[in-house]
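This report refers to the structure that appears directly beneath it.
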Amino acid sequence: LTLSIAAKTNPWRTHPITHTSRMHSEYANFGAPKRRCNFATVSIAINVALLLVGAAVYMSSGAQELSMVAPRQTRVFASKPNAMKNIAAGLAAAGVSSIGFLGASNALTFDEFQGLSYMDVKGSGMANTCPVLNSGTNDVKGSLKPGSYKFDKFCIEPTSFQVKEDVGKGKKEFIGVKLMTRLTYTLDAMSGSLKVGNGGSIEFKEEDGIDYAPTTVQLPGGARVPFLFTVKELDAKGDVSSFSGEFSVPSYRGSTFLDPKGRGAATGYDTAVAIPAGGAGDEDALGKENNKSIKPLAGKAQLSIAKYDPATGEIAGVFQSVQPSDTDLGAKVPKDIKVQGLWYAQLQQ
């Protein structure tokens with residue numbers, strides 16, 4: 001009776017019993033709810049896949065390059081940057097972006113430097129290094145003949161910086177500092193003249209080239225000391241064991257540089273206040289601030305020859321220099337900066 005009434009109530013439902021039984025059957029066979037993949041699971045799966053892709057890129061390109069590099073060849077260091085770039089590219093493709101690489105600068109000879117391309121040197125730090133001399137002799141006095149030479153491709157690479165500071169009880173010493181400048185402080189492509197006497201005496205004069213580099217170091221207390229690292233117009237005398245002399249240290253700032261109050265050496269305001277010169281703006285305490293000075297100071301350097309190759313004319317050694325720091329256009333007392341490092345050059349008669 002109930003079924004017939006339902007059928008009469010809804011005349012379009014021609015098979016109520018069959019349809020109802022089918023619906024109950026479908027819900028009964030559905031089972032437990034399906035588990036959904038959360039975001040972390042999908043992210044892990046994608047990272048694993050990307051790591052496999054990165055490993056494949058490295059195996060196909062980076063590893064092949066490294067395996068083709070023979071030891072002690074001219075292109076030894078030329079191929080390493082590309083290999084490291086392929087490894088980095090593989091890791092980048094794998095989504096690993098927080099990995100940093102710190103590589104020590106490789107010591108290359110002059111011939112090895114000539115075999116490098118721009119892309120080999122770019123970003124490697126090798127542009128801030130001087131060539132090394134692997135051949136030659138340590139008997140410089142016996143192999144370096146007397147005469148006049150052109151001191152070409154002169155390069156100076158600092159390896160340590162120290163600043164003279166008060167360490168207590170009125171005593172001053174050179175202390176270690178932290179280098180704040182990027183790899184742009186090496187002096188390169190310099191030239192000069194070298195005269196060697198019969199008794200092994202040496203007279204050297206620096207004449208041209210990239211002979212200055214703005215550099216900044218930081219003291220342990222946090223104060224920063226800028227200076228213009230240079231050996232400009234170095235005039236050194238001595239013998240083959242070591243020769244030393246003075247050089248000119250130009251002003252860290254140029255004559256047209258303006259301080260925050262608009263004062264400069266060749267341009268800008270004369271004083272820091274809007275009153276005629278000779279008033280309160282020219283007191284002794286502010287005299288140095290108003291009267292800018294770009295007068296060059298003097299430094300002293302000592303070079304020692306460690307090795308000389310008569311076949312190629314290459315010569316190399318170590319150096320030490322002491323020079324003043326920046327004076328803020330004459331407003332501050334300069335600090336003494338000690339620089340030590342390596343140097344390289346080529347002699348041509």
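The values are calculated or read from the model by the stated rules, or taken from the named source; none is laboratory data. Remember, predicted model here, so these are calculated numbers, not experimental data. We place every Cβ from the backbone using ideal geometry, glycine too, and count neighbours over all the protein chains shown. Areas reflect the complete protein model, heavy atoms only, side chains present, ligands, DNA and RNA absent. Shrake-Rupley method; radii C 1.70, N 1.55, O 1.52, S 1.80 Å.
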Region 131-280 accessible area per residue, 1.4 Å probe, protein heavy atoms, integer Å², reads 55
For the pair residue 295 and residue 267, the simple spin-label estimate (label points 7 Å beyond Cα toward Cβ) gives in nm 2.5
In nm, the gap between the two label points placed 7 Å beyond Cα toward Cβ at residue 117 and residue 152 is 2.7
Other residues with Cβ under 10 Å from the Cβ of residue 268 give, with Lys and Arg +1 and Asp and Glu -1, a net charge of +1
Length gained if residue 184 through residue 322 is fully extended, taking 0.36 nm per residue and subtracting the Cα-Cα distance, is 47.7 nm
Ordered by number, the trypsin sites (Lys or Arg not before Pro) in region 128-211 that occupy a DSSP loop and have at most 10 other Cβ atoms within 10 Å are 169, 182
